[in-house]
Amino acid sequence: MFTPSSQIPLFASELIAGRPRPLGVYVPVLLDKRGELEALAKAGGGVWDSMTPLIQMLPTGDRGPDEKAFSIVEWIERLRRGVGDHLIYLDPGGVARRSTRSKPMPPAVVEGLYAQASRDGLSFIPVYTIGRTDLAAVTASVAHEERRGLALRVRIGNLTYRGARRLVDGAFAEFEDLGITPLSTDLMVDLGYLDRDAEIDAAGLDPLFAEFERAAPWRSVTLAATTVPASFAEFVRDGDLEGVPRREWSLWKGLRALGHEGLRYSDYAIQNCVPPDPMNAKNMRASIRYGVPDWLFVARGVGPVQSLPREEKAAQYQELAVKLMLHPPFVGRACCDGDRFIEECADGLRQVRAQQVWREIGTLHHLHMITLAIADYTAARAITPRRRSPNRSSSDAPVPR
């Protein structure tokens, strides 16, 4: 069991556990599902140099039948195989709930997961989500023990444009109770799902981020969001290939242009922020998701894939791979092994019958694509004149209703 320390450690921002290990500019928020973890295991060293993923541990109720019997030791062992000795954010208790009936991860299990991760030698920064006060003591204890700092996650939904200071003050008061210095804390402002009809832009978010940045000398500040819906049924018809604008990317660039130059970028890769419901798997369509910086393209099959015979499943996935490979934004094997896999499936060199394979392939492509896009954007910004952030009133900023 972790015991609270009476000393507040001061973690140098350029050091992790006593040796240089800089935080990545990109913070993909992933689940500890097999597809995402296998994508992380196959990501190149150049990708890992630019990212620090945040891994959310799924409660038992959100897991499929094959994972429900996993022990804490097995969960952490699978995580270790995916991330190796790379630095990650570890969040055993902050995954978004599908409904008020969804059970969050119990504090005792959270403590057990952190303890096992420490025993297995994982290099991790614990995550505290504002509102989970039942996890405050254990998260603070882990941060003191591990000495790599803390990630403070503030979820913001139902955006309106008023009262930023009230939101910031409330979050900061809860954070102060943890007893961790802001100099060792990475702040993550998580907007969750950005509905296509939501009126939100960088100018509207600017006062909120300004308030957070004035509140404390954070080690880093990150914007997290996703425009991936919980279901693509309303966006992509069976048999079609359509694109969804990735507004999280434009918001991040807009805030950087308004003067938040150190702002880090975070998304949920190719998934929604709420874990998929394993009970709805029987209605799932075959699909391949493929991202570029400003769009997520989805090729969707016809009819529930689980009810198809084995050969029809393989044929449908091959047809989707061909459709995607012929789509102009497709990069090809010059991008990564994920794109190579799509080409080989389209050419009939691989047969795929399980949707979880495409979770891995889509995530692998996304990690490579985003790290490259961030590098390109940062290089372009280095030679572009900077704009000063306007002096906005905090009363104009978005807060939860």
- Filter segment 39-81 down to the residues that are in contact with a Phe, Trp or Tyr (Cβ under 8 Å, 6 or more places away or on another chain) and of a type in the set (A, V, I, L, M, F, W, C), then identify the one that is farthest from Pro22 (Cα to Cα). Met57
- Message: Being hydrophobic (A, V, I, L, M, F, W, C), in contact with an Asp or Glu (Cβ under 8 Å, 6 or more places away or on another chain) and not in a strand (DSSP E or B) is true for just one of Ala117, Ala143, Ala108, Ala136. Which residue is that?
- Response: Ala136
- Examine segment 253-267 for a residue that is surrounded by fewer than 22 Cβ atoms within 10 Å (Cβ to Cβ) and hydroxyl-bearing (Ser, Thr, Tyr), and state whether such a residue exists. no
- Item | Selected residue (criterion: surrounded by the most Cβ atoms within 10 Å (Cβ to Cβ)) from residues of segment 362-383 that are under 16 Å from Asp49 (Cβ atoms) and free of Cβ contacts under 8 Å to residues at least 60 places away in the same chain | Leu372
- Message: Tell me whether segment 99-113 contains one or more residues that are surrounded by fewer than 22 Cβ atoms within 10 Å (Cβ to Cβ), among the acidic types (Asp, Glu) and modelled with pLDDT of 95 or more.
- Response: yes
- Within segment 276-320, count every residue that is among the β-branched types (Val, Ile, Thr) and in a helix (DSSP H, G or I). 1
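Mind checking whether some residue in segment 343-355 is touching an Asp or Glu at 6+ places or on another chain (Cβ under 8 Å), farther than 23 Å from Gly24 by Cα, of a type in the set (A, V, I, L, M) and touching a residue at least 24 places away in the same chain (Cβ under 8 Å)?
So in segment 343-355, the residues touching an Asp or Glu at 6+ places or on another chain (Cβ under 8 Å) come out as 350.
Checking which are farther than 23 Å from Gly24 by Cα leaves us with 350.
Filter once more, so that each one left must be of a type in the set (A, V, I, L, M): none.
No, the conditions are met nowhere in segment 343-355.
Out of segment 221-255, which residues are acidic (Asp, Glu), in contact (Cβ under 8 Å) with a residue 12 or more places away in the chain and outside any strand (DSSP E or B)? Explain how you work it out, then say what you get.
Residues of segment 221-255 that are acidic (Asp, Glu), as a first pass: 234, 238, 240, 242, 248.
Those left that are additionally in contact (Cβ under 8 Å) with a residue 12 or more places away in the chain: 238, 240, 242, 248.
The answer is Asp238, Asp240, Glu248.
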- Query: Residue check, Leu255 against (1) closer than 19 Å to Leu187 by Cα; (2) at pLDDT below 95, all met but one. Which one?
  - Reply: (2)
- Is it true that Arg285 is surrounded by 18 or more Cβ atoms within 10 Å (Cβ to Cβ), over 24 Å from Arg155 (Cα atoms) and not β-branched (Val, Ile, Thr)? yes
- Task: State which residue is surrounded by the fewest Cβ atoms within 10 Å (Cβ to Cβ) when the search covers only segment 167-185 and only residues that are touching a residue at least 60 places away in the same chain (Cβ under 8 Å) and over 13 Å from Ala215 (Cα atoms).
- Result: Gly179
- Query: Is segment 205-212 home to any residue that is more than 15 Å from the chain's Cα centre (by Cα), in contact (Cβ under 8 Å) with a residue 40 or more places away in the chain and assigned to a loop (DSSP other than H, G, I, E, B)?
  - Reply: no
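Of the residues that make up segment 162-177, is at least one within 22 Å of Arg247 (Cα to Cα), modelled with pLDDT under 95 and not in a helix (DSSP H, G or I)? So that I can check it myself, show each step before the final result.
Just the residues of segment 162-177 that are within 22 Å of Arg247 (Cα to Cα), to begin with: 162, 164.
Cutting the leftovers down to modelled with pLDDT under 95 gives us 162, 164.
Now drop any that are not not in a helix (DSSP H, G or I), which leaves 162.
Among the residues of segment 162-177, at least one is within 22 Å of Arg247 (Cα to Cα), modelled with pLDDT under 95 and not in a helix (DSSP H, G or I), which makes the answer yes.
So, in segment 322-350, of the ones that are part of a helix (DSSP H, G or I), over 14 Å from Gly239 (Cβ atoms) and of a type in the set (A, V, I, L, M, F, W, C), which residue ends up farthest from the chain's Cα centre (by Cα)? Break it down stepwise before answering.
Here is the first cut: in segment 322-350, the residues part of a helix (DSSP H, G or I) are 322-325, 337-346.
With over 14 Å from Gly239 (Cβ atoms) added as a condition, the list becomes 325, 337-346.
Retained after the next criterion (residues that are of a type in the set (A, V, I, L, M, F, W, C)): 325, 341-342, 345-346.
Details: Met325: 26, Phe341: 23, Ile342: 23, Cys345: 27, Ala346: 29 Å.
Restricting to residues being part of a helix (DSSP H, G or I), over 14 Å from Gly239 (Cβ atoms) and of a type in the set (A, V, I, L, M, F, W, C), the top hit is Ala346.
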- Quick check, is Pro92 buried (at least 23 other Cβ atoms within 10 Å of the Cβ) and over 14 Å from Glu145 (Cα atoms)? yes
- In segment 236-252, which residues are farther than 17 Å from Cys273 by Cα, within 22 Å of the chain's Cα centre (by Cα) and at pLDDT below 95? Gly243
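The values are calculated or read from the model by the stated rules, or taken from the named source; none is laboratory data. Because the structure is predicted, anything quoted here is derived from the model rather than measured. Backbone-built Cβ (ideal geometry, glycine too); neighbour counts: all protein chains shown.
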